[in-house]
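So the structure is just underneath, and the comments pick up after that.
The values are calculated or read from the model by the stated rules, or taken from the named source; none is laboratory data. Note that the structure is a prediction, hence the values are computed from the model and not measured. Cβ coordinates were reconstructed from backbone atoms using ideal geometry, including for glycine residues, and neighbour counts include every protein chain displayed. Keep in mind that these areas ignore ligands, DNA and RNA; they rest on the heavy atoms of the full protein, side chains included. Shrake-Rupley method; radii C 1.70, N 1.55, O 1.52, S 1.80 Å.
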Amino acid sequence: MSPSRASDFMQCPLLYRFRVIDKLPEKPSEAATRGTLVHAVLERLFDDPAAERTAPRAKAMVPGQWSRLLQTRPELGELFAEDPGGERLSRWLGEAEQLVERWFTLEDPTRLEPREREMFVETELESGLRLRGVIDRVDIAPTGEVRIVDYKTGKAPRPEYSEGALFQMKFYALVIWRLKQVVPRRLQLVYLGSGDVLTYDPVTADLERMERKLLALWEAIRLATETGDWRPRPTKLCGWCDHRSVCPEFGGTPPVYPLSVSPPASAEDGQGRMGPV
């Protein structure tokens, strides 16, 4: 389980099925690709000596990183296929440069020496559930305290939605805790779209609750996989979904379920069913 796929299931079980089981293709989006580009720039900036990590230097890296991204993922060129004059691409690259520049108002890279960048992490819980993900940045203080940092190119959520925003970070904190037996001192979300920084200092009880939540979530996914019961959960996010044409909520028909199914347990079996997580 990764934080992205866990979030998919919590957002809409049918979306999880389309992405994980049916593996339906999705068109690249300008917003997501811009985020990938900005992440690449902020990762590679730390290859330079501290004194050279300046805003002009980082902005100048954007076009080159876009070219490198196209080499590894040529399908992204489709985003600007109908832009023969290059105006949209130029504007889009300019927006990426603005996000990179804003980061310098939030953190000072000349004073940072990350221990890890784009760090792949993976651990297996006692239950057998394997957790994995990629952390944008891990800072370790001389005293051994760990800070997990994630860059977001969108805007910070309103306070009432901050818990949802921290789900990914607590997921990573749980993995680090199980791997290193160290509870991260700080979780930090850097929102380049609005210029905000959201921090949270977890304690062991937070990570224990997260582990229980993930185990319950995985049980719900296992049950849906066995029964083929993947129900859509309509929200305002449906407007951005690539799969509306095959979603029953929009009059579509999902693909034939590719896995064998078992009938759900009845009440007479003495077994209940898990509700939404």
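Could you check residue 231 against (1) basic (Lys, Arg); (2) surrounded by 13 or more Cβ atoms within 10 Å (Cβ to Cβ); (3) outside any helix (DSSP H, G or I) and say which number it fails? Residue 231 satisfies all of (1) basic (Lys, Arg); (2) surrounded by 13 or more Cβ atoms within 10 Å (Cβ to Cβ); (3) outside any helix (DSSP H, G or I) except (2). Look at the range 164-182: where a residue is over 19 Å from residue 7 (Cα atoms) and part of a loop (DSSP other than H, G, I, E, B) and a partner is open to solvent by less than 60 Å² (accessible area, probe 1.4 Å) and of a type in the set (A, V, I, L, M), sitting 6+ places away or on another chain with Cβ atoms under 7 Å, you get 182/146; 182/176. The lone criterion from (1) open to solvent by 50 Å² or more (accessible area, probe 1.4 Å); (2) in contact with a Phe, Trp or Tyr (Cβ under 9 Å, 6 or more places away or on another chain) left unmet by residue 212 is number (2).
Taking the range 174-198 on its own, how many of its residues are open to solvent by 10 Å² or more (accessible area, probe 1.4 Å), out of contact with any helix residue (DSSP H, G or I) (no Cβ under 6 Å at 6 or more places or on another chain) and under 9 Å from residue 156 (Cα atoms)? Qualifying residue count, the range 174-198: 6.
Put simply, of 134, 149 the only residue that is open to solvent by less than 10 Å² (accessible area, probe 1.4 Å), closer than 20 Å to residue 40 by Cα, touching a residue at least 12 places away in the same chain (Cβ under 8 Å) and of a type outside the set (Gly, Ala, Ser) is 149. When the range 1-45 is filtered for residues that are in contact with a Phe, Trp or Tyr (Cβ under 6 Å, 6 or more places away or on another chain), open to solvent by 30 Å² or more (accessible area, probe 1.4 Å) and free of Cβ contacts under 8 Å to residues at least 40 places away in the same chain, nothing remains.
Checking the structure you have, find out if any residue of the range 42-58 is polar (S, T, N, Q), at pLDDT 95 or above and more than 15 Å from the chain's Cα centre (by Cα).
So far as the range 42-58 goes, yes, one or more of its residues are polar (S, T, N, Q), at pLDDT 95 or above and more than 15 Å from the chain's Cα centre (by Cα).
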